[in-house]
Amino acid sequence: MPGIDAVLHAATLHKPHVATHSRQEFVDANITGTLNLLEEAVAAGVATFIFTSTTSAFGRALTPATGAAAAWITEDVRALPKNIYGVTKTAAEDLCELFHRQHGLACLVLRTSRFFPEADDCEATRQAYADDNVKANEYLYRRVDIEDVASAHLLGLQKAASIGFGRYIISATTPFLPEDVRELRVNAPRVVARRAPEYEAEYARRRWKMFPSIDRVYVNERARQELGWRPRYDFRYVLDCLKAGADPRSALARAVGIKGYHAERFTAGPYPVS
């Protein structure tokens, strides 16, 4: 890394690999790999390290008990990893914090929500909803456009030195408020109609459906305040595009396309679910 000013670390094994890769492979790629990069960054005098993490790190905190309100997810919510992916990502985040405290390396952790174009990994969801319908719904609470993800990383490069260390949720701005969380769990369409009333006519025109229940809401307020992040692509933007007959995806999202995760194809979904 001699001559390098900043590292953007996005390499990972992640959720699509849980059923096909060993725990040791996850440790090797996600923990040891991150450690190697951090050590080399410090040795070469790199100033800034941006680590692309995931909202999946919150794990079991994302699925409230039966009858409980939807989870209002901010950076203050304790991560409760539910699989080896979450365990290794949170461990890598902690390594970033350690290297900041011990070596002064400016490290920012960006916990991104889902931005991939692949079909949903839940078979029941794929059967019940059109794929565009699913993704539009998700902008309410757990999706982000890849162009907004890229802009957050660029802002991280600019702000890391003044921040030192920080964790940030990178997800589309939700229209929901904390007082919505109980009703979201039992009647999400009613809450959406209250916060974005124009959705009903547009969804009816397309024969789309809102999810009956929403179990978590990712809150991006800290990233907006501390990074100055201004995500463009949210549920209201999606509705405006749908009404205008336009594609709600950014130009970058359209250009990236389907990546895929495995050499082989699976008949039961984009990847096997453990």
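Taken together, the values in this text are just the output of simple stated rules run on the coordinates, not laboratory data. Owing to the predicted nature of the structure, the values given are computational and were not obtained by experimental measurement. Here the Cβ is made from the backbone with ideal geometry for all residues, glycine too, and neighbour counts use every protein chain on show.
Between the listed residues VAL149, LEU184, CYS96, the Cα displaced farthest toward the positive end of the dipole of the chain, a dipole computed from Cβ unit charges relative to the Cα centre, is found at LEU184. Database note for the chain: Cys without another Cys beta carbon under 4.7 angstrom, CYS122, CYS241.
Relative to a virtual label point 7 Å from the Cα of VAL27 in the Cα→beta-carbon direction, which members of region 34-66 show backbone nitrogen distances below 17 Å? Label zone hits: 34-36.
FRET efficiency for the pair ALA69 and CYS122, taken as 1/(1 + (r/R0)^6) with r the Cβ-Cβ distance and R0 = 25 Å, rounds to 0.70.
With a ≥ b ≥ c the root eigenvalues of the C-alpha gyration tensor of region 1-88, is it rounded (a/c under 1.5), prolate (a/b larger than b/c) or oblate?
Details: a/c = 3.59, a/b = 1.76, b/c = 2.03.
Note, shape of region 1-88 comes out oblate.
A simple spin-label model places pseudo-atoms 7 Å from Cα toward Cβ; at ALA251 and GLN225 they are separated by 3.4 nm. Ranked by how many other Cβ atoms sit within 10 Å of their own Cβ, fewest first, the residues SER151, SER53, SER213 fall in the order SER213, SER151, SER53. Separation of region 169-202 and region 133-157, taken as the distance between their Cα centroids, equals 17 angstrom.
Inter-part distance, region 1-33 to region 212-271, computed on C-alpha centroids, equals 23 Å.
Using only the Cα atoms of region 217-263, build the gyration tensor, take square roots of its eigenvalues as a ≥ b ≥ c, and label the shape rounded, prolate or oblate: rounded if a/c is under 1.5, else prolate if a/b is larger than b/c, else oblate. Verdict is oblate for region 217-263.
Quick one: order CYS107, CYS96 by neighbouring beta-carbon count within 10 Å, fewest to most.
Values: CYS107 29, CYS96 24.
Neighbour counts put them in this order, fewest first: CYS96, CYS107.
Computed about its Cα centre, the charge dipole of region 33-95 is approximately 340 debye, with only Lys, Arg, Asp and Glu carrying charge at their Cβ.
Helix-only estimate, please: 222 nm mean residue ellipticity of the chain, summing -39500 (n - 2.57) across DSSP H runs of length 4 or more and dividing by its residues, to the nearest 500.
Values: 11 runs with 106 residues, N = 274.
After summing the helix terms and dividing by residue count, I get -11000 deg cm²/dmol.
Net charge dipole, the chain: roughly 700 debye, given to the nearest 20, about the Cα centre with Cβ charges of +1 for Lys and Arg and -1 for Asp and Glu.
Ignoring trypsin sites (Lys or Arg not before Pro) that are buried or in helix or strand per DSSP, and keeping those with at most 13 other beta carbon atoms within 10 Å, what is the longest stretch of the chain between them? The partial results should precede the final answer.
Working: sites that count: ARG78, ARG207, ARG232, LYS259, ARG265.
Looking at the chain, 79-206 is the longest stretch - no exposed trypsin sites (Lys or Arg not before Pro) with at most 13 other Cβ atoms within 10 Å.
Where in the chain is the longest stretch that carries no GluC sites (Glu not before Pro) classed as loop by DSSP and with at most 14 other Cβ atoms within 10 Å? Walk me through the numbers before you get to the answer.
Details: sites that count: GLU198, GLU264.
That would be 1-197.
Legend: helices of the chain (whole DSSP H runs) are marked when their alpha-carbon atoms reach 15 angstrom or more along the helix axis and their mean Kyte-Doolittle hydropathy is at least -1.0; marked are 33-44, 84-103, 146-163. If the chain linking ALA130 and ARG206 were pulled fully straight, counting 0.36 nm for each residue of separation and taking away their Cα-Cα distance, it would gain 26.3 nm.
Database remark: amide H of ARG143 closer than 5 angstrom to the amide H of ALA172 (H placed geometrically; neighbours at sequence offset of 5 or more, or on other chains; Pro and chain starts carry no H).
Note down the magnitude of the dipole of region 206-274 about its Cα centre, charges +1 on Lys and Arg C-beta and -1 on Asp and Glu C-beta and zero elsewhere, to the nearest 20 debye. Don't skip to the answer; put the middle values down first.
Working: 14 positive and 7 negative charges, 51 e Å.
Roughly 240 debye, rounded to the nearest 20.
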